[in-house]
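In what follows, a single structure is set out as structure tokens and then discussed.
Here, each number is a calculation from the coordinates, and none is a lab measurement. The structure displayed is predicted, hence computed values, not measured ones. Cβ placement follows ideal geometry from the backbone for every residue including glycine, while neighbour counts extend to all protein chains displayed.
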Amino acid sequence: MARIYPLFSSSKANSTFIGDIKGGILIDAGASFKRLSEAMMRSELSVSSIKGVFITHGHSDHVSGLKVLTKNTGVPVFGQRETLEEILRKGLISPNSPVYELDGAAVSADMEVSCFDTPHDTVRSCGYRIKTPDGRICAVCTDLGYVTDTVRDYIIGCDLVLLESNYDEKMLKNGSYPASLKERIRSDYGHLSNDECAKQAAELIRNGTTRIILGHLSQENNTPYIAETTNVNGLSDFVRDRDYILEVAPVETSGKMVVF
């Protein structure tokens, strides 16, 4: 059975492991090596299980732990060219680790992994679609201002999708952020709101997805309860007589995994 472990998920740290104790891949390394190791131990995993790290983009909440992770493990790092150039320039990958550029074709790192572009305010950003050895398919898709046709093509048909549900529109509007930051978050190169997430989740479920994990919640402009409630209420408007499981990724894992 395929397993996904949302180890960290918030505006401050993001990292997701897909696999099992025998091996798997890590999407992003946005927490310190110490915290990442502890999170994996709580999940009955070890950092030695990581066979490859796939980076979505260069923002610190996705790469802050990458330098020490690569120094200590020598694990291969995968990413799009612009992203790799940015993080290499900042010295965030140890010479111990080989680096592989993704050009759109699927690569194998114990499983088949494909990247797809996401609209976000960085040099380049992507999500990942993963096919596990037992034929199950999942996607990790956060940090996007809106769902493009490309994004939709890659996530439709997945068994499980970890999808961004970053902010509640009322909380953002009435919050303390400056107007310029609020506008950036709402923009086509910002983040996906709870309401926008719910619309996409409904389309996913209608097309066969059975598990949705809400991820990358803002700790300033959202709460797990509001994100879950908004999505459940939105799904009830569009989805009828479909079995699905909806969960919220924790800020930091207690050790829980999702089987798909």
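So the values come out like this:
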quantity: Selected from Asn231, Asn194, Asn174 as most flexible by GNM, with the chain as the system and alpha-carbon contacts under 10 Å; calculated: Asn174
quantity: Relative contact order (percent, whole number), segment 86-185, Cα cutoff 8 Å, 6+ residue spacing; calculated: 17 percent
quantity: Burial ordering of Phe8, Phe78, fewest other beta-carbon atoms within 10 Å first; calculated: Phe78, Phe8
quantity: Neighbourhood charge, 11 Å Cβ-Cβ cut-off, centred on Phe33 and excluding it, Lys, Arg +1 and Asp, Glu -1; calculated: +3
quantity: GNM flexibility winner over the chain from Ser114, Ser180, Ser49 (Cα, springs under 10 Å); calculated: Ser180
quantity: Size descriptor, Kirkwood hydrodynamic radius, that averages inverse alpha-carbon separations across segment 141-260, Å; calculated: 14.5 Å
quantity: Charge dipole magnitude, Cβ of K and R +1, D and E -1 - segment 3-250, Cα centre, debye nearest 20; calculated: 620 debye
quantity: Among Asp110, Asp195, Asp153: highest mean-square fluctuation, GNM of the chain, C-alpha pairs under 10 Å; calculated: Asp153
quantity: Exposure proxy order (Cβ contacts within 10 Å, fewest to most) of Val75, Val107; calculated: Val107, Val75
quantity: The chain - mean residue ellipticity at 222 nm from DSSP helices (-39,500 (n - 2.57) per run, n ≥ 4, rounded to 500); calculated: -8500 deg cm²/dmol
quantity: Cross-link partners of Lys199 among lysines (Cα-Cα below 22 Å; sequence separation of 8 or more within a chain); calculated: Lys170, Lys173, Lys182
quantity: Neighbour-count order for Thr209, Thr230, fewest beta carbons within 10 angstrom listed first; calculated: Thr230, Thr209
quantity: Neighbour-limited loop hits for GluC sites (Glu not before Pro), segment 39-132 (at most 16 other Cβ within 10 Å; DSSP other than H, G, I, E, B); calculated: Glu44
quantity: DSSP-defined beta bridges in the chain - what % are antiparallel, rounded to 5; calculated: 50 percent
quantity: From the C-alpha gyration tensor of the chain, square roots of 5λ in Å; calculated: 27, 21, 17
